[in-house]
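Engineer: Just dropping this structure here.
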Number of protein chains: 2
Amino acid sequence: MQELDIGEVARQSGLAASTLRYYEARGLIRALGRRGLRRSFGVEVLEKLSLIALGQAAGFSLAEIAAMFAPDGHLQIDRPKLLARADQVDRSIRRLTALRDGLRHAAVCQAPSHLECPSFRRLMQAAARGAIRSPEPADTKAPLSLPTGARTSRRRRPPPAPA
Amino acid sequence: MQELDIGEVARQSGLAASTLRYYEARGLIRALGRRGLRRSFGVEVLEKLSLIALGQAAGFSLAEIAAMFAPDGHLQIDRPKLLARADQVDRSIRRLTALRDGLRHAAVCQAPSHLECPSFRRLMQAAARGAIRSPEPADTKAPLSLPTGARTSRRRRPPPAPA
DNA sequence: GTGCCAACTCAAGTCCACTTGAGGTCAAGA
DNA sequence: TCTTGACCTCAAGTGGACTTGAGTTGGCAC
């Protein structure tokens, strides 16, 4: 089996060598062994890096991604989890769609100032309610990630009825 | 004009008082003055906080949001900028849509393992190319934000043709 | 043998948007 | 008078995903 040194993996994956070392330290990838000092990786690592990239794109943290690999390094995702994440992405899409439409409207709206444009104001209020706040960190309620006291929600209390 | 102390603003906006002090330090909001030690805010601050929330939802950094207020504190967004951001959001939406569909497919796909599902593999490859990487920080190419040596793109080089 | 370069380790730094903690001030109520 | 509680300042900490820097090692070409 072909062995790649870290520089080669970096070139082929587009990631920095430091990133690869970091992933290794976090247990996301593993070198076959060493040649002298140097790590040598099997080609499968490239596939694994693609998986990691996918997980990141789907909004999972590195810790969550790590948990999706079985101890032997093989992929082990439960499908319900995938579906749950898909739904979350779907909600993000809806929020972003509202945002996009609002922005477009505000851009062409004839009101003398944004603050006088009702559509813009609706958007503002929605944002203030936290109804738009974009792509939340994957938090499927299945605490795969370490209990970090997550930086999940900024707004603490829903504001009461408008005074 | 009615004056609110920081606790009242916190209650009505749902933000922590520390956040409000932080926003003030960053020049995003301004107190009318002090009553003794205590800041006193005008009611307009609530509207401004909504605007800030909207800006954040649209993916702007606090520095960028600050730049959208004229020195006198009034709103000053150029409409082309809004459109540009709307387009960016639109691209995010497309990426997320692909992602969602891919996740759903993978969840129901009958292939014995995800790695053998062609659809999943396509998604992986796209992610590895950086084609999915979610909602980029608003970076309209108009450097409103301080030149921070931005943490914008993780992947450094596009990987070359598959070896 | 010696010079170079790519890899190595380990600690510390970066970015962003806040939060936390320690220690201080002040007005109002008991 | 004393206490309480809300506010204050300023410095430092947080989390996630990396990057950077300093100092070291080892293989290969010359």
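Engineer: State whether one or more residues within segment B:57-79 are in a loop (DSSP other than H, G, I, E, B), touching a Phe, Trp or Tyr at 6+ places or on another chain (Cβ under 9 Å), more than 11 Å from chain A (Cβ to nearest Cβ) and within 16 Å of DNA strand D (Cβ to nearest atom).
Structural biologist: No; the residues of segment B:57-79 include none that is in a loop (DSSP other than H, G, I, E, B), touching a Phe, Trp or Tyr at 6+ places or on another chain (Cβ under 9 Å), more than 11 Å from chain A (Cβ to nearest Cβ) and within 16 Å of DNA strand D (Cβ to nearest atom).
Engineer: Then there's this: Looking only at segment B:1-27, count how many residues are part of a loop (DSSP other than H, G, I, E, B) and buried (at least 21 other Cβ atoms within 10 Å of the Cβ).
Structural biologist: The initial filter retains those residues of segment B:1-27 that are part of a loop (DSSP other than H, G, I, E, B), namely B:1-2, B:14-16, B:26-27.
Keeping just the survivors that are buried (at least 21 other Cβ atoms within 10 Å of the Cβ) gives B:15.
Residues in segment B:1-27 being part of a loop (DSSP other than H, G, I, E, B) and buried (at least 21 other Cβ atoms within 10 Å of the Cβ): 1 in total.
Engineer: In segment B:1-22, what count of residues is obtained for those that are more than 10 Å from DNA strand C (Cβ to nearest atom) and under 19 Å from the mean Cα position of the chain (by Cα)?
Structural biologist: As a first pass, look at segment B:1-22 and keep what is more than 10 Å from DNA strand C (Cβ to nearest atom): B:1-9, B:11-14.
Retained after the next criterion (residues that are under 19 Å from the mean Cα position of the chain (by Cα)): B:13-14.
So the count comes out to 2.
Engineer: Check B:Ser61, B:Ser50 and return the single one that is on the phi < 0 side of the Ramachandran plot, within 17 Å of the chain's Cα centre (by Cα) and touching a residue at least 60 places away in the same chain (Cβ under 8 Å).
Structural biologist: Working: B:Ser50 fails: touching a residue at least 60 places away in the same chain (Cβ under 8 Å).
Selected residue: B:Ser61, the only one of B:Ser61, B:Ser50 that is on the phi < 0 side of the Ramachandran plot, within 17 Å of the chain's Cα centre (by Cα) and touching a residue at least 60 places away in the same chain (Cβ under 8 Å).
Engineer: Determine whether A:Arg100 is assigned to a helix (DSSP H, G or I), at pLDDT below 90 and under 30 Å from B:Ala107 (Cα atoms).
Structural biologist: Details: assigned to a helix (DSSP H, G or I): yes; at pLDDT below 90: no; under 30 Å from B:Ala107 (Cα atoms): yes.
In short, no.
Engineer: Given the conditions (1) of a type in the set (S, T, N, Q); (2) under 23 Å from B:Leu123 (Cβ atoms); (3) outside any helix (DSSP H, G or I), report the number of the one that A:Ser50 does not fulfil.
Structural biologist: Result: A:Ser50 fails condition (3) only.
Engineer: Return the residues of segment B:85-124 that are over 17 Å from A:Asp78 (Cα atoms), polar (S, T, N, Q) and facing chain A (nearest Cβ under 7 Å); say none if nothing qualifies.
Structural biologist: Passing the criteria: B:Ser92, B:Thr97.
Engineer: Let me ask you something else. Do you know which residues across segment B:1-22 are within 14 Å of chain A (Cβ to nearest Cβ), within 12 Å of DNA strand D (Cβ to nearest atom) and touching a helix residue (DSSP H, G or I) at 6+ places or on another chain (Cβ under 7 Å)?
Structural biologist: Within segment B:1-22, B:Gly7, B:Val9, B:Ala10, B:Gln12, B:Ala16, B:Ala17, B:Leu20 qualify.
Engineer: I'm checking my understanding of the structure. Among residues of segment B:68-96 that are closer than 20 Å to A:Val89 by Cα and without any contact (Cβ under 8 Å) to a residue 24 or more places away in the chain, which one is nearest to the chain's Cα centre (by Cα)?
Structural biologist: Here the answer is B:Ala86.
Engineer: So, A:Ala150, is that one at pLDDT below 90, of a type in the set (A, V, I, L, M), within 16 Å of DNA strand C (Cβ to nearest atom) and touching a helix residue (DSSP H, G or I) at 6+ places or on another chain (Cβ under 9 Å) or not? Please lay out each step first, then the result.
Structural biologist: Numbers: at pLDDT below 90: yes; of a type in the set (A, V, I, L, M): yes; within 16 Å of DNA strand C (Cβ to nearest atom): yes; touching a helix residue (DSSP H, G or I) at 6+ places or on another chain (Cβ under 9 Å): no.
When the stated conditions are applied, A:Ala150 does not pass them.
Engineer: Of the residues that sit in segment B:32-56 and are among the charged types (D, E, K, R) and within 16 Å of DNA strand D (Cβ to nearest atom), which one is surrounded by the most Cβ atoms within 10 Å (Cβ to Cβ)?
Structural biologist: First, pick out the residues of segment B:32-56 that are among the charged types (D, E, K, R): B:34-35, B:38-39, B:44, B:47-48.
Then drop every residue that is not within 16 Å of DNA strand D (Cβ to nearest atom), which leaves B:34-35, B:38-39.
Numbers: B:Arg34: 9, B:Arg35: 11, B:Arg38: 11, B:Arg39: 21.
Of everything passing the filter in segment B:32-56, B:Arg39 is surrounded by the most Cβ atoms within 10 Å (Cβ to Cβ).
Engineer: Can I ask one more? Take the residues in segment B:23-33 that are more than 14 Å from every other protein chain (Cβ to nearest Cβ) and more than 10 Å from DNA strand C (Cβ to nearest atom), then tell me which one is farthest from the chain's Cα centre (by Cα).
Structural biologist: If we take residues in segment B:23-33 being more than 14 Å from every other protein chain (Cβ to nearest Cβ) and more than 10 Å from DNA strand C (Cβ to nearest atom), then B:Gly33 is farthest from the chain's Cα centre (by Cα).
The values are calculated or read from the model by the stated rules, or taken from the named source; none is laboratory data. None of the values given here were measured: they were computed from a predicted structure. In this analysis, Cβ positions are derived from the backbone assuming ideal geometry, glycine residues included, and neighbour counts consider all displayed protein chains.
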